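Peer 1: Below is the structure I would like to discuss, written out as structure tokens.
The values are calculated or read from the model by the stated rules, or taken from the named source; none is laboratory data. None of the values given here were measured: they were computed from a predicted structure. Cβ: placed from backbone, ideal geometry, glycine included. Neighbour counts: every protein chain shown. We work out accessible area using only protein heavy atoms, side chains counted, and drop any ligands, DNA or RNA first. Shrake-Rupley method; radii C 1.70, N 1.55, O 1.52, S 1.80 Å.
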Amino acid sequence: DEHWFIALAAPRPFIALEGTRDQNVNSNGVRQSFLAAQPVFDFLQAGDRLGVNWADRPHGMVKGDWDALLAFADKNLLGKKVDRKFDEFPTDGN
């Protein structure tokens, strides 16, 4: 039910930094929240400003999270081209 919080951020950039081995993360819940908030971003013509990044880690931030966050900021705040996507989810069947 956190999609409303994400949608309230629109059209400002929003990225979720998640860990594939984080015991506190419900990967399907993250996916559903992302998908439920996407129409609001699309309506405000900001569909590319909603992002998610999955790092292979337990709870806590690692270099991969910072790399994703800075690339997302470069793309959305500085208008730079980046060579990564921010809409991919783990393929764990959830």
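Peer 1: How about segment 1-78: which trypsin sites (Lys or Arg not before Pro) there are in a DSSP loop, with at most 16 other Cβ atoms within 10 Å of their Cβ?
Peer 2: Sparse-neighbourhood loop trypsin sites (Lys or Arg not before Pro): Arg21.
Peer 1: Now for a separate question. With a 1.4 Å probe and every protein chain left in place, work out the accessible area per residue of the chain in Å², rounded to a whole number.
Peer 2: I get 65 Å² per residue for the chain.
Peer 1: Moving to a separate point now. When the accessible area of the chain is split by element with a 1.4 Å probe, what percent falls to carbon and sulfur?
Peer 2: The value for the chain is 54 percent carbon and sulfur by accessible area.
Peer 1: Now a separate question. Could you pull out the GluC sites (Glu not before Pro) across the chain that fall in loop regions by DSSP (anything but H, G, I, E, B) with no more than 11 other Cβ atoms inside 10 Å?
Peer 2: Glu88
Peer 1: In Å, the Kirkwood hydrodynamic radius of the chain over pairs of distinct alpha carbons?
Peer 2: This gives a value of 13.6 Å.
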